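A short worksheet on the structure shown next.
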Amino acid sequence: QVQLVESGGGLVQPGGSLRLSCAASGSIFSVYGMGWYRQAPGKQRELVARITSASNTIYADSVKGRFTISRDNARKTLYLQMNSLKPEDTAVYYCKQEGTTGYLRQPDYWGQGTQVTVSS
């Protein structure tokens, strides 16, 4: 029922920029925390940035000052603006809708990912 579809990945040179989008459907988007994660070859999936339903944000130290996470609740879309990209940013980037606890529990949901390659 819940679907998350990432887009905006591609090949970019070092120092370049990309904006990733995650389009959500099947949920009341505005009430959920959302996050961007990435996984590079040979490494575990790691948190890139989170944004709560109140639009509070958290960033991994490796991307602070370069990446910005935002959300448009009217369009049910999550964004990740990536500037000053480095080769070490190369990874598959995944969108996540965080689960909830309480009486009506919901699981985490993940998109299928979009490839970002930073190389000359």
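The values are calculated or read from the model by the stated rules, or taken from the named source; none is laboratory data. Computed from a prediction, not measured in an experiment: that's the story for all the values here. With ideal geometry, Cβ positions are generated from the backbone for all residues, glycine too; neighbour counts draw on all protein chains shown. What goes into the accessible areas is simple: the full protein's heavy atoms, side chains included, and nothing from ligands, DNA or RNA. Shrake-Rupley method; radii C 1.70, N 1.55, O 1.52, S 1.80 Å.
Counting other Cβ atoms within 10 Å, keep those with at most 11, restrict to DSSP loop, and tell me which trypsin sites (Lys or Arg not before Pro) in segment 56-101 are left. The qualifying sites are Lys64.
Per residue, the accessible area of segment 1-75 comes to 56 Å² when a 1.4 Å probe rolls over the protein heavy atoms. On the chain, 47 percent of the accessible area sits on carbon and sulfur atoms, based on a 1.4 Å probe. Sparse packing (at most 10 other Cβ atoms within 10 Å of the Cβ) combined with a DSSP loop state is found for the following trypsin sites (Lys or Arg not before Pro) in segment 1-55: Lys43. In the chain, the alpha-carbon atoms span a convex hull of 102 Å³ per residue. Over segment 30-101, Cα pairs under 8 Å with separation of 6+ residues give a relative contact order of 38 percent.
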